[in-house]
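Only one structure is covered here, and it is reproduced in the block below.
Nothing in this text is a laboratory measurement; each read-out follows from the coordinates by a stated rule. Keep in mind the model is a prediction, meaning the values are calculated, not measured. Backbone-built Cβ (ideal geometry, glycine too); neighbour counts: all protein chains shown.
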Amino acid sequence: MLRGEAESYPQPVHLPKGWQGSAFVVFWGIGFGSAILMVPVLGILFGVIGWGAAAFAIRSLAKQFGTPRRGLRLTPTALTECFWFRRPRVTPLSAVTGGTIGDRHAVIHATTGDVKLDDSLPGWLRLANKVEAMHAGEVPEPEGRLVENEEIATWLGLTEGGWFRVGHGRAPIVAALLLVPVWLVVTGALTAFYGAFFIGLAKAPGMMKVGGLMFTLAHAAIFFGVFSGGLLTQILALLRRGLRSGIEVDVTGLTLGGRHGRHIAWGEIHSLTSDGPEWRLHTNDETVVFQRTDRNASRLAEAVQRAVTARENGLRLPELGPVPAGAISLVRQSRMEDSAERGLSLVDDAPPRS
């Protein structure tokens, strides 16, 4: 990093796990507690239960969201954490005492307090390595034997020029389309059932009407959320899975989004972790997620694990991916221009085949 140069690492907004349940309890608790407006004695009990649950859920949501971080900024002298709702926190690099890097997170230790990073921050591993290198005052040179493409091909079970795709194909889209009629029937039935209740309660007098409507709305939220909402969530998840282009794998690395998409070389892979039904592949800049049930998922996971083991044993993995055709054209053009200036004719390295 040059003197005065700064690097920014924006933090994407991620909703905390389980926020849907807490939000649902808030909504249900307010509605259920509205029974206090309907009947004097039993309504008080319902009110205490419902509004107590809502208050607890609101407190849980506030704790889950906390004070979200907008991102980090690294300069030659300090690491700054920027937050949404409070002042930035500056950690001078002179205060850094070391770092701990794991598979999915890193902790930068400093006398002013630890800075925690995880795979929700794009580039978290690169940032942790840079801070550690700046603290040490040197960047370690790569050591060890370079793993050849032929050896990587054996990990992947490929022949020369071969590749395979990790993904589900279009089967999830078909499954999602089959679930759409079921979702429509369930949603329509629930709408008709609770609609009748709402029409009847609309004729009730005064506060009885208000309490009755909110109480019924709380019960409707349960069934709509569990059945209609659950089916819709499943449909959307299947559609997302089916619309993904998948991961294409060869001896040069992984390509995301098709053959002309973003490329990840084997040397960029840091670790592989398991999170329930998902595999999470961690690189210097991002985390790539693929499902255990994806076609060729176990094949890719085994190859990545071998790559990680090779790195741990001191071997080096290829850092560069495929060379774009445009770069080759620029090189040839440069050669031609240089030769013309010297008054020489350009001769191909090899004669044309007869």
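Quick one: order Phe224, Phe193 by neighbouring beta-carbon count within 10 Å, fewest to most.
Values: Phe224 18, Phe193 11.
Going from sparsest to densest Cβ surroundings: Phe193, Phe224.
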Taking the beta-carbon count within 10 Å as an exposure proxy, list Ser60, Ser94 from fewest neighbours to most.
Ser94, Ser60
Could you work out the relative contact order of the stretch 67-136? I mean the mean sequence separation of Cα pairs under 8 Å and 6+ apart, divided by the number of residues, in percent.
21 percent
Most exposed first, judged by fewest Cβ atoms within 10 angstrom, Leu239, Leu177, Leu300, Leu213 run Leu177, Leu239, Leu213, Leu300
